[in-house]
Amino acid sequence: MTQDQHGVNAALAGATPVRSALSLFSLTQRVALVTGGQRGIGLEMALALADAGAVVYCLDLPAQPSSDWLKVQTYVNELPVSEHQVGMKKGRLEYISGDVTDQKAMWATLELIVDREGRIDICMANAGILQGADCLEYQAEEFRKVLDVNVSGVLFTAQAAGRQMERLGIHGSIVLTASMSGTITNPNQHWVAYNTSKSAVIQMARSMACELAPKGIRVNSISPGYIFTNMTRAFLDTQPGLEAKLSAQNPMGRFGRPDELRGVTLWLASDASTFCTGSDIKVDGGQCAW
């Protein structure tokens, strides 16, 4: 089937009817990297990609993965084979230790992954940190730390994957995790460093998308709103009543679940979004729509 013989065009051309819409989301035989992939949103993204058939390398700081990560790895190994995976290798999770703020180390890590797997198709630059302080009192060292992880680390990750995609001629997908806090300011929160960093990530995705489009590499960002993770729970536990206050800030009146990012992750990583680049996809319960 030629490039323009899909969907309605295929039907009008008299092609044999084939169910193809869901197959667009298949990631069988593809290789992915997810930074910050040991827990929270990163681990949820990794599970979604592996579920769709990808070999997923989860990169995080600890030398060894947590027990929760190992349980998810076992879960992936026990997933039944789908109709798109018959006769092909199943998706799987691999763990690799690394520091996203070390540019040369990240470049070397992607070289290692490509040496092992032969390719890299998907990069989810997800690692990030959140620290708060009064904007007039924010200490230089702490401010630079947030920018180093959330901005430099995202760039170094995207660079590392993009360099290998370009070298191998792979039309890959790079997705940067931003935040609704890169577009709006969270009411009553002192997050000047975090908000600044996430705004930079959104613009980074746009800029890289325009540079890399001629090479066939797409770059987009995802901007989650308040998502209920273990890290979020620890923060909320320090301030009774805060969850209700924050939930009331979006039209849906609640926090999102990490699994509610599965769909947008698969869409941006797969052939279902081949004409989407330079976009920021908000998953925030409508908070930025107010």
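Test residue 19 against the stated conditions and say whether it is at pLDDT 95 or above and either charged (D, E, K, R) or within 26 Å of residue 227 (Cα to Cα) (or both). When the stated conditions are applied, residue 19 does not pass them. Sort out which residues of segment 150-160 are among the small types (Gly, Ala, Ser) and more than 17 Å from residue 214 (Cβ to Cβ), and write them in order of number. Scanning segment 150-160 gives 152, 153, 160. Within segment 128-141, none of the residues are at pLDDT 95 or above, crowded, with 22+ Cβ neighbours inside 10 Å and outside any loop (DSSP other than H, G, I, E, B).
Each residue in segment 77-102 was checked for being basic (Lys, Arg) and either in contact with a helix residue (DSSP H, G or I) (Cβ under 6 Å, 6 or more places away or on another chain) or modelled with pLDDT of 95 or more (or both), and 1 of them qualify.
Please determine whether any residue of segment 108-117 is among the charged types (D, E, K, R) and in a loop (DSSP other than H, G, I, E, B).
Filtering segment 108-117 down to residues among the charged types (D, E, K, R) leaves 111, 115-117.
Those left that are additionally in a loop (DSSP other than H, G, I, E, B): none.
Among the residues of segment 108-117, not one is among the charged types (D, E, K, R) and in a loop (DSSP other than H, G, I, E, B), which makes the answer no.
Taken over segment 27-71, the criterion of being among the charged types (D, E, K, R) and in a helix (DSSP H, G or I) is satisfied by 44, 51, 68, 71. Here residue 59 clears all of (1) modelled with pLDDT of 95 or more; (2) of a type outside the set (Asp, Glu); (3) over 23 Å from residue 267 (Cβ atoms) except the condition numbered (3).
Output the number of residues of segment 49-64 satisfying the condition of being hydrophobic (A, V, I, L, M, F, W, C), closer than 16 Å to residue 126 by Cβ and touching an Asp or Glu at 6+ places or on another chain (Cβ under 8 Å). It would help to see each step written out before you state the result.
Of all residues in segment 49-64, those hydrophobic (A, V, I, L, M, F, W, C) come to 49-50, 52, 54-56, 58-59, 61, 63.
Imposing the further condition that a residue be closer than 16 Å to residue 126 by Cβ reduces the set to 49-50, 54, 56, 58-59, 61.
With the extra rule that they be touching an Asp or Glu at 6+ places or on another chain (Cβ under 8 Å), the set shrinks to 54, 56, 58, 61.
The number of residues fulfilling the criteria is 4.
For segment 191-230, a residue qualifies if it is modelled with pLDDT under 95 and surrounded by fewer than 18 Cβ atoms within 10 Å (Cβ to Cβ), and the qualifying residues are 228, 230.
With respect to residue 105, determine if the residue is farther than 23 Å from residue 224 by Cα, in a helix (DSSP H, G or I), out of contact with any Ser or Thr (no Cβ under 6 Å at 6 or more places or on another chain) and at pLDDT below 90. No, not satisfied. Being surrounded by fewer than 24 Cβ atoms within 10 Å (Cβ to Cβ), modelled with pLDDT of 95 or more and of a type in the set (S, T, N, Q) is a description that applies to residue 28. On the basis of being in contact (Cβ under 8 Å) with a residue 40 or more places away in the chain and of a type outside the set (A, V, I, L, M, F, W, C), does residue 23 make the cut? Yes.
The values are calculated or read from the model by the stated rules, or taken from the named source; none is laboratory data. Worth saying up front: this structure is predicted, and the values here are computed from it rather than measured. Neighbour counts are summed over all protein chains in view; Cβ atoms, including those assigned to glycine, are modelled from backbone coordinates with ideal geometry.
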